[in-house]
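The values are calculated or read from the model by the stated rules, or taken from the named source; none is laboratory data. Just so you know, these numbers come straight off a predicted model, no measurement behind them. Backbone-built Cβ (ideal geometry, glycine too); neighbour counts: all protein chains shown.
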Amino acid sequence: MKAKLIFILTFIIFNISVAQQSITINECYEKAYKESPIIKKKEYNNRVNNLKQKIINTNWYPSIELNGQVSYQSDVVQMDLDMSPLINYINGLIPAGMGSPNTNAPSFEIPEAPKDQYKITLDLKQTIYNGGITKKNKKLEEQLLNINNQQVEVDLFSIKNQVSQVYFSITLLDKNIELLQILKQNIDTNISIMESGVENGTILQSNLDVLLAEKLKLNQQYKELKILKNATINILELLINDTLLNNCELVMPDIVLFDTIKNKRPELDLFTYNVEMLNAKKTLMKAQLQPKVYAFSQFGYGNPGLNMLNNEFDTYYIIGAGFKWTLFDWNKNKNERQIIDIQKNIVHISEKNFNRNISVAAQQKISEIKKLEELIITDKEIIELRRRITKNAESQLKNGIINSSQYLIEFNSEKQALINNKIHKIQLVQAKVDYLNLFGNY
């Protein structure tokens, strides 16, 4: 018996603790951010950037290539040296009596270059100066990384708006369900009264049927709202990856609006990064106009070597330095830089249009906030009137002037006014949160 009592107490305490759980909209934002799959994009963006930086750094490493070639030529350079004219000229210069002239021309044998040639070479090339292209390329990749990561922040911000809409939809559905329950109670009260009238013959059955049809309609709406609420809860649970929402109270935030609000939307940083990326791209293009200086060397083995007349396999090497400078490119680089300037203007126009849309949406939200504030003021007056009507009905009930059913109608009307006031307050909080989110301030 004692063990059974402990079990019951434990069960009650557990259910009370569960019922007392609550969650705020900021907690939902944080959970949705952490659980969003797109946040993984930042990690991949950083990994891609690291690899690109390594690739760019290889511009300073020497390029090493092993090349081989086998060829056969249809013809080669040939040299035919006839020394007879030179000998005759020399003999003519010798005076008579100085000796017999030499009539035999010396013989020269000049080897012929081979028609089949073979070579294998190891070629090295080292950049000495490239006009700052490597440094500018690295800067450009950094700007592209900023853009990609900031785009992730923009996408995450859209999730924030999604969470906000779902969060407040759940609370509003709760209040609408309460309101329907009151209307159902009023219908049930009136049906009881009219059923008595039908039995007594004072009320037509057709009048009762109208109320019965209205009750079915209210029951249908009630079921629809319950299904919609459960579906909305499921959506929020998916967004934040938490299944405790059915037992959680959604806490309404306390919002205070200030006269001046700084725009912190992630899209603004994205516009800035796009402009900086275009500036980096333009700087890179200017660097491409600079001369490039490099050193090179070649180590080879082949037949023939550097001596084309030596028909034997031999080793050889060549070392040196060079430069490359494009003096005229038909204004290609200049036109590409002009395109970049135009693209920057497009970014600035997009930013102005974005800020304009924010301003328009903000004015609409301000109007909605003012409207709801006026409704809440009117709600207070309605509630006060309903309380007096209910108090008067209570007095009439005690004095036998009205029956309990008539009193319940007035009592439920007061509850309906209170719930309408709660709905307007929730809508006001949502409007304020939406207003702050327009500027990325909540």
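Yes or no, residue by residue, for (1) of a type in the set (D, E, K, R); (2) farther than 30 Å from Gln143 by Cα; (3) assigned to a loop (DSSP other than H, G, I, E, B); (4) at pLDDT 95 or above:
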{"position": "Glu199", "(1), (2), (3), (4)": "yes, yes, no, no"}
{"position": "Ile203", "(1), (2), (3), (4)": "no, yes, yes, no"}
{"position": "Val210", "(1), (2), (3), (4)": "no, yes, no, no"}
{"position": "Tyr222", "(1), (2), (3), (4)": "no, yes, no, no"}
{"position": "Asn230", "(1), (2), (3), (4)": "no, yes, no, no"}
{"position": "Ile235", "(1), (2), (3), (4)": "no, yes, no, no"}
{"position": "Val275", "(1), (2), (3), (4)": "no, no, no, yes"}
{"position": "Lys282", "(1), (2), (3), (4)": "yes, no, no, yes"}
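The set of residues in the range 345-374 that are among the β-branched types (Val, Ile, Thr) and over 29 Å from Val275 (Cβ atoms) comprises Ile366, Ile369.
Evaluated against (1) over 30 Å from Ala231 (Cα atoms); (2) among the aliphatic types (A, V, I, L, M); (3) more than 17 Å from the chain's Cα centre (by Cα); (4) outside any strand (DSSP E or B), Ile120 falls short on exactly one condition, (4). Of the set (1) within 28 Å of Gly132 (Cα to Cα); (2) assigned to a strand (DSSP E or B), all apply to Tyr301 but (1). Among the residues of the range 314-343, those that are within 30 Å of Phe299 (Cβ to Cβ) and either of a type in the set (Asp, Glu) or part of a strand (DSSP E or B) (or both) comprise Asp314, Thr315, Tyr316, Tyr317, Ile318, Ile319, Gly320, Ala321, Gly322, Phe323, Lys324.
Among the residues of the range 393-402, count how many are in contact with a helix residue (DSSP H, G or I) (Cβ under 9 Å, 6 or more places away or on another chain) and either surrounded by 18 or more Cβ atoms within 10 Å (Cβ to Cβ) or without any contact (Cβ under 8 Å) to a residue 12 or more places away in the chain (or both). Break it down stepwise before answering.
Within the range 393-402, the subset in contact with a helix residue (DSSP H, G or I) (Cβ under 9 Å, 6 or more places away or on another chain) is 393-394, 396-397, 401-402.
Now narrow it down to the ones that are either surrounded by 18 or more Cβ atoms within 10 Å (Cβ to Cβ) or without any contact (Cβ under 8 Å) to a residue 12 or more places away in the chain (or both): 393, 396-397, 401-402.
Looking only at that region, the number is 5.
Does Ala417 satisfy being in a helix (DSSP H, G or I), over 22 Å from Ile187 (Cα atoms), of a type in the set (A, V, I, L, M) and within 56 Å of the chain's Cα centre (by Cα)? So Ala417 does not fit the description; no. Quick check: anything in the range 344-360 buried (at least 16 other Cβ atoms within 10 Å of the Cβ), outside any helix (DSSP H, G or I) and in contact with a helix residue (DSSP H, G or I) (Cβ under 9 Å, 6 or more places away or on another chain)? Within the range 344-360, none of the residues are buried (at least 16 other Cβ atoms within 10 Å of the Cβ), outside any helix (DSSP H, G or I) and in contact with a helix residue (DSSP H, G or I) (Cβ under 9 Å, 6 or more places away or on another chain).
Does any residue in the range 206-233 that is free of Cβ contacts under 8 Å to residues at least 60 places away in the same chain come within less than 7 Å, Cβ to Cβ, of a residue that is polar (S, T, N, Q) and part of a helix (DSSP H, G or I) six or more places away or on a different chain, and which pairs are these? Within 7 Å, the pairs are Leu211/Asn190; Leu225/Asn176.
Here's the yes/no breakdown for (1) more than 30 Å from Thr121 (Cβ to Cβ); (2) in contact with an Asp or Glu (Cβ under 8 Å, 6 or more places away or on another chain); (3) modelled with pLDDT of 60 or more:
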{"residue": "Phe7", "(1), (2), (3)": "yes, no, no"}
{"residue": "Thr10", "(1), (2), (3)": "yes, no, no"}
{"residue": "Glu35", "(1), (2), (3)": "yes, no, yes"}
{"residue": "Leu51", "(1), (2), (3)": "yes, no, yes"}
{"residue": "Lys54", "(1), (2), (3)": "no, no, yes"}
{"residue": "Pro62", "(1), (2), (3)": "no, no, yes"}
{"residue": "Gly68", "(1), (2), (3)": "no, no, yes"}
{"residue": "Asp80", "(1), (2), (3)": "yes, no, yes"}
{"residue": "Met98", "(1), (2), (3)": "yes, no, no"}
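Residue-wise test of (1) in contact with a helix residue (DSSP H, G or I) (Cβ under 7 Å, 6 or more places away or on another chain); (2) not acidic (Asp, Glu).
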{"site": "Gly197", "(1), (2)": "no, yes"}
{"site": "Glu214", "(1), (2)": "yes, no"}
{"site": "Leu218", "(1), (2)": "yes, yes"}
{"site": "Tyr222", "(1), (2)": "yes, yes"}
{"site": "Leu228", "(1), (2)": "yes, yes"}
{"site": "Thr232", "(1), (2)": "yes, yes"}
{"site": "Asn247", "(1), (2)": "yes, yes"}
{"site": "Leu250", "(1), (2)": "yes, yes"}
{"site": "Asn274", "(1), (2)": "yes, yes"}
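Taking the range 288-307 as the range and being buried (at least 16 other Cβ atoms within 10 Å of the Cβ) and within 30 Å of Ile346 (Cα to Cα) as the test, only Gln288 passes.
Restricting Leu408, Leu428 to those that are in contact (Cβ under 8 Å) with a residue 40 or more places away in the chain, touching a helix residue (DSSP H, G or I) at 6+ places or on another chain (Cβ under 7 Å), surrounded by 16 or more Cβ atoms within 10 Å (Cβ to Cβ) and within 19 Å of Ile187 (Cβ to Cβ) reduces the list to Leu408.
Do the conditions hold for Asn247, that is, is it over 31 Å from the mean Cα position of the chain (by Cα) and at pLDDT below 95? Can you show your working first?
Numbers: over 31 Å from the mean Cα position of the chain (by Cα): yes; at pLDDT below 95: yes.
Considered against the rule, which asks whether it is over 31 Å from the mean Cα position of the chain (by Cα) and at pLDDT below 95, Asn247 comes out as yes.
Cβ separations smaller than 8 Å between residues 6+ apart or across chains give the following pairs from the range 169-183 residues that are farther than 14 Å from Lys217 by Cβ to residues that are surrounded by fewer than 18 Cβ atoms within 10 Å (Cβ to Cβ) and aromatic (Phe, Trp, Tyr): Ile177/Tyr222; Gln181/Tyr222. Taking the criterion of being touching a residue at least 24 places away in the same chain (Cβ under 8 Å) and of a type outside the set (D, E, K, R), the residues of the range 184-198 that qualify are Gln185, Asn186, Ile187, Thr189, Asn190, Ile191, Ser192, Ile193.
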